[in-house]
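The values are calculated or read from the model by the stated rules, or taken from the named source; none is laboratory data. Since the structure is predicted, the reported quantities are computational estimates derived from the model, not experimental observations. Here the Cβ positions follow ideal geometry from the backbone for every residue, glycine too, while neighbour counts run over all protein chains shown. Please note that ligands, DNA and RNA were not included when accessible areas were found on the heavy atoms of the full protein model with its side chains. Shrake-Rupley method; radii C 1.70, N 1.55, O 1.52, S 1.80 Å.
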Amino acid sequence: TGIKVNYVRGSDSQLYARIAIEQRAGKQEWDLLQTTGLQKLPPSMFHAFEPPEAKNLDAGAKDSKGHRWYGIYANYNAPGYNTKLVKASELPKTYEDFVKHPEWKGKVAIDFSDNEWLKAMFTYYGEKKGREIVTNIVKVLKPAVTKGHLAMARSVGAGEYAIELNQYVNLTLNVKFKGQPIDYWVLDPVAVFYGQIGVNAKSARLHAAMLGANFAISHQAETFLAKFGRIPTRDDVESKPPGIVKQFKKHKVIPELLTAEEDRKWQKTFKEIFQQ
């Protein structure tokens, strides 16, 4: 766009903390926020608008009611495995089949924050059966609860773990592209959420911010992101490798956009099940 930017990178918590400090000081410096949890923040923080490029996005990749955020990439969730330690022919066909592999005990990992995946399991199977399936997996396989999805993917690629019970597919691919023996496979349900972008409702540079947000969901920007393994939210942008979105759309995809309250609830449930 030609607009000069000051780019600040940090974790969700770091960015939220900085925004909160600026807000208390009455001096908000940010114009655009791009992260994966905008729905966890007060809607009033974001300017409601419909960028022209939004019409090209998947239906789930936009705040269709409030028009306050738009998805610039998709985080599809799926299990992964080390291709040297596990044969593709041995992979479970359903989550219920995981318990048929007691030989994987102690060789399975999951990230402590996979609340979207857990909620999708309960939504798909029903609360009673969903809890039963996940509880049985924990009892039989004793998954290690790790912190950091990319670190977990690297551990699976290095052979520290044979299986990642759930992972963001783009991170499995990130490690695979670097030559490690890792890949993913798809099981129902597929939880998905988005890398979102939103505009500060109190931005002093509102029109420039809206232009920036529109560019972030454009064909040019999403094509750039796809080169590095991000999964596009536009049908006219191909993934790397090709066909990922079409592959997932053959399965039961469940968008999970947890509010802050819902996230706390599901984190509590996650701890109850996995810390046995």
Inset, instruction - State all residues of segment 230-276 that are assigned to a helix (DSSP H, G or I), under 21 Å from Glu132 (Cα atoms) and acidic (Asp, Glu); if no residue qualifies, say none. - result: Glu262, Asp263, Glu272
Inset, instruction - May I ask you to list the residues in segment 51-71 that are in contact with an Asp or Glu (Cβ under 8 Å, 6 or more places away or on another chain) and under 16 Å from Val169 (Cβ atoms)? - result: Asp58, Gly71
Legend entry - Leading residue by the ranking (surrounded by the most Cβ atoms within 10 Å (Cβ to Cβ)) among those in segment 150-209 that are within 30 Å of Asp31 (Cβ to Cβ) and of a type in the set (S, T, N, Q): Gln196
Legend entry - Matching entry among Asp114, Asp31 (being of a type in the set (D, E, K, R) and within 21 Å of the chain's Cα centre (by Cα)): Asp114
Inset, instruction - Go through segment 257-276 and give me each residue that's open to solvent by less than 60 Å² (accessible area, probe 1.4 Å) and over 9 Å from Asn115 (Cα atoms). - result: Leu257, Thr259, Ala260, Ile273, Phe274
Inset, instruction - Look at segment 68-107 and say how many of its residues are open to solvent by less than 50 Å² (accessible area, probe 1.4 Å) and either touching a Ser or Thr at 6+ places or on another chain (Cβ under 7 Å) or over 30 Å from Glu132 (Cα atoms) (or both). - result: 8
Inset, instruction - Name the single residue, out of those in segment 35-57 being in contact (Cβ under 8 Å) with a residue 12 or more places away in the chain and exposed (fewer than 12 other Cβ atoms within 10 Å of the Cβ), that is nearest to Ala209 (Cα to Cα). - result: Pro52
Inset, instruction - Out of Asn174, Asn214, report the one residue that is more than 20 Å from the chain's Cα centre (by Cα), part of a helix (DSSP H, G or I) and on the phi < 0 side of the Ramachandran plot. - result: Asn214
Inset, instruction - Check Lys252, Lys227 and return the single one that is open to solvent by 80 Å² or more (accessible area, probe 1.4 Å), within 29 Å of Lys93 (Cα to Cα) and more than 15 Å from the chain's Cα centre (by Cα). - result: Lys252
Legend entry - Filter result for Leu32 (out of contact with any Leu (no Cβ under 7 Å at 6 or more places or on another chain), within 23 Å of Asn115 (Cβ to Cβ), at pLDDT 90 or above and surrounded by 13 or more Cβ atoms within 10 Å (Cβ to Cβ)): no
Inset, instruction - Return yes or no: is Glu116 out of contact with any helix residue (DSSP H, G or I) (no Cβ under 7 Å at 6 or more places or on another chain), farther than 11 Å from Phe274 by Cβ, modelled with pLDDT of 95 or more and in a helix (DSSP H, G or I)? - result: yes
Legend entry - Cβ pairs under 6 Å, 6+ apart, first in segment 3-17 and touching a residue at least 24 places away in the same chain (Cβ under 8 Å), second assigned to a loop (DSSP other than H, G, I, E, B) and surrounded by 10 or more Cβ atoms within 10 Å (Cβ to Cβ): Asp12/Gly37
Legend entry - Flag if Gly60 is out of contact with any strand residue (DSSP E or B) (no Cβ under 7 Å at 6 or more places or on another chain), at pLDDT below 95 and surrounded by fewer than 19 Cβ atoms within 10 Å (Cβ to Cβ): no
